[in-house]
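Nothing in this text is a laboratory measurement; each read-out follows from the coordinates by a stated rule. Since the structure is predicted, the reported quantities are computational estimates derived from the model, not experimental observations. So basically every Cβ, Gly included, is an ideal-geometry build from the backbone, and we count neighbours across all protein chains shown.
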Amino acid sequence: MTKCDICNKVITTKVPGLECRSCSKVIHASKACCGLNAKQLSALRNADRLDWTCDECHQNTPNRKSSFIIPEEDNEDDDVVVSDKNSGNYVIDTEKFLKEITAEM
């Protein structure tokens with residue numbers, strides 16, 4: 001029988017466990033033992049490719065970089081060509097276009 005590494009009680013069908021993907025430590029899938037809320041536990045249970053890492057391994061793992069790319073500056077307002085979402089056509093902001101050409105000359 002597998003026991004929880006936190007409370008040392010048996011992992012059961014009523015209170016299943018989580019296995020750390022790094023060290024294979026098993027703890028109860030309960031807020032008391034793993035610290036996750038019901039929504040987080042539900043996501044782990046229902047997702048096929050979502051792994052859990054225990055706090056100890058998480059603290060000893062270098063920070064992962066996010067997959068999101070966020071530019072230093074937001075240049076969206078500087079776009080000369082803007083897509084018209086309703087028609088699917090592109091609209092050129094002639095005033096900005098002329099300012100950019102003048103600035104380059």
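Tabulated data
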read-out	value
FRET E, pair CYS23, ALA47, Förster distance 22 Å, beta-carbon r, rounded to 0.05	0.60
Reciprocal of mean inverse Cα separation for the stretch 1-63 (Kirkwood radius, Å)	12.0
